[in-house]
Every structure is written in C-alpha cells, then in structure tokens.
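The values are calculated or read from the model by the stated rules, or taken from the named source; none is laboratory data. This structure is a prediction, so every number in the text was calculated from the model and none was measured. Positions of Cβ are backbone-derived with ideal geometry, glycine not excepted, and every protein chain shown enters the neighbour counts.
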Amino acid sequence: MERAGTALAGRIAERRAGVGDPRALVGEMRRSVLLVPVAGGGLWSARSGGVRWVCAFTDEAALARFALRHAPGGRSMEYAALLGARIVDEIVPSLGEPAGLAVDIASEEGAMFFPPVTGIVADGVAVDRDVHEEGDGRGR
C-alpha cells in the first residue's frame, strides 16, 4: 500500500514534469497526512509575498532535510502529523491573514505552493473570492 505522503510527492513530480491534473494534485494534498514542524508553540510558517505559508512535508526524509538547516544545534525537530484538508480548511482560516500551504520547501526542486485561492483554501479566506463572486452571475 502506497503511503499518502508518497502519493502526494508523486503528484507533485507529475506537475513539475508538466503532466497530471492540478485538481488531482489538490485532492491528493487534502487526503495526505503532512508533517508540520512545531516551533514556539505553533506551526512553522514563513511570510513571503504578503502571504503566510504553513510549511509541511510529505515524509520524514523531507522534514529531515529541512531540520538540518533550521533546527538549532542539529537537534531533532518536533512536528505534528496533520491531514492536508485540516491545514487548509481549519488552520489557514484561523490565522487571520492571507495564508497558504508550502509543501517540501527543502527539496532540490523547490516547494509546491498551494496558495490562498478558491478551490484550495476555505472560500471565506480565499484572496480571490471577490473576483469569483462578481464573475459567477450571482453578484454579492
């Protein structure tokens, strides 16, 4: 049986190769258990481009690469194992600012970003929700 994190890593590799369905990638992210480092009593995140990115990893090897660079004195890094859907549906909205999910930020290929847009995060916190509301024929 293939582990969910491994399946997500496979979907990410497909997208990087220019194949695969973006919706399938989002679906796999939502079904996957991701490892999120814990720091200072909260989940590890970084701000870039006006967005707060919750950093998560598909497996312990990916997390270990990150920990080598960011764990003080080479100590082990505590983490929470969270379902991707919980991150984007519950945690992201609770942050009170535009936020998304960055997966495997320590990989050689770079992170896969799931931005705070409709179809990825909860509609109420999607930064593009006004555009979709105006363009859907229903108005506001």
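Side notes on the structure shown:
- Condition check for residue 36: closer than 15 Å to residue 87 by Cβ, surrounded by fewer than 18 Cβ atoms within 10 Å (Cβ to Cβ) and modelled with pLDDT of 95 or more: no
- Per-region count, region 21-45, residues assigned to a loop (DSSP other than H, G, I, E, B) and more than 13 Å from residue 102 (Cα to Cα): 4
- Of all residue pairs spaced 6 or more apart or on separate chains, those with beta-carbon atoms under 8 Å, a first member in region 18-40 that is hydroxyl-bearing (Ser, Thr, Tyr) and a second member that is part of a helix (DSSP H, G or I) are 32/4; 32/5; 32/7; 32/8; 32/84.
Residue-wise test of (1) at pLDDT 95 or above; (2) out of contact with any Asp or Glu (no Cβ under 7 Å at 6 or more places or on another chain); (3) within 20 Å of residue 38 (Cα to Cα).
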{"site": "51", "(1), (2), (3)": "yes, yes, yes"}
{"site": "80", "(1), (2), (3)": "yes, yes, yes"}
{"site": "105", "(1), (2), (3)": "no, yes, yes"}
{"site": "125", "(1), (2), (3)": "no, yes, no"}
{"site": "132", "(1), (2), (3)": "no, yes, no"}
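- Selection count where residues are without any contact (Cβ under 8 Å) to a residue 24 or more places away in the chain, loosely packed, with under 15 Cβ neighbours inside 10 Å, assigned to a loop (DSSP other than H, G, I, E, B) and not hydroxyl-bearing (Ser, Thr, Tyr), scope region 67-119: 4
Okay, residues lined up against (1) within 13 Å of the chain's Cα centre (by Cα); (2) under 21 Å from residue 129 (Cβ atoms); (3) of a type outside the set (D, E, K, R):
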{"position": "16", "(1), (2), (3)": "no, no, no"}
{"position": "30", "(1), (2), (3)": "yes, yes, no"}
{"position": "42", "(1), (2), (3)": "no, no, yes"}
{"position": "46", "(1), (2), (3)": "yes, no, yes"}
{"position": "49", "(1), (2), (3)": "no, yes, yes"}
{"position": "61", "(1), (2), (3)": "no, no, yes"}
{"position": "65", "(1), (2), (3)": "no, no, no"}
{"position": "68", "(1), (2), (3)": "no, no, yes"}
{"position": "71", "(1), (2), (3)": "no, no, yes"}
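- Residue 48 falls short on exactly one of the conditions (1) within 14 Å of residue 101 (Cβ to Cβ); (2) crowded, with 16+ Cβ neighbours inside 10 Å, and that condition is (2).
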